[in-house]
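Okay, so here's the structure we're looking at.
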Amino acid sequence: MKTAKSKKPAKSKQTPHHAHMRRAKATRKTAEPMFEVRRSKIHGRGVYATRRIRKGTRVVEYVGERISHEVADARYELKDDDGHTFLFVVNDDICIDAGVGGNAARFINHTCHPNCETIIENDRVFIDAIRTIQPGEELGYDYQLTW
């Protein structure tokens, strides 16, 4: 007499079999951009929130060519316009020139009433939200420039 073998249902390749993986897959959304660059009332171009950015969010890294202060001085000493550069001083040895290989972070303008701040970690520069920023609001931080 033959006995019937019980068949296990085949695992779906589309749905993960671990509950935590199903939840992660189900809640994953395509991330809409946090910001966009457009004309600014403060100066030239600015960076504007395209959605709510919560306090404490790491918004963007300030990137560009990493150069010495001597190279930065030589590069910009003869600049004859308003003196505007995309230089960010990281430490006593390194500047980031976002005019070369930079991203949208270079367009975040200075303000005396900032909604962002810069954080330097391991010689990298990040811009973090220091309060909740509403859609359409321009991002800004205090450049802390001294003359």
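The values are calculated or read from the model by the stated rules, or taken from the named source; none is laboratory data. Just so it is clear, the structure is predicted and the values come from calculations on it, not from any experiment. With ligands, DNA and RNA removed, areas are computed over all heavy atoms of the protein, side chains included. Shrake-Rupley method; radii C 1.70, N 1.55, O 1.52, S 1.80 Å.
Some observations on this one:
- For region 28-122, the spread of Cα positions along the three principal axes, ordered from largest to smallest, is 46, 33, 26 Å.
- Length released on extending from Asp123 to Val71, taking residue separation times 0.36 nm less the Cα-Cα span: 17.0 nm
- Backbone phi angles across region 118-135, fed through the Karplus curve with coefficients 6.51, -1.76 and 1.60 (θ = phi - 60°), yield HN-Hα couplings of 9, 10, 9, 10, 6, 6, 10, 10, 10, 10, 10, 6, 9, 7, 5, 10, 8, x Hz in residue order; Gly and Pro are listed as x.
- The string of couplings for region 95-104 from the Karplus curve (6.51, -1.76, 1.60, θ = phi - 60°) is 10, 9, 9, 6, x, 10, x, x, 10, 4 Hz, one whole number per residue in order, with x for Gly and Pro.
- Of all accessible heavy-atom area on region 34-95, the percent that carbon and sulfur account for (1.4 Å): 47 percent
- Accessible area per residue was computed with a 1.4 Å probe on protein heavy atoms; Phe126 scores about 20 Å².
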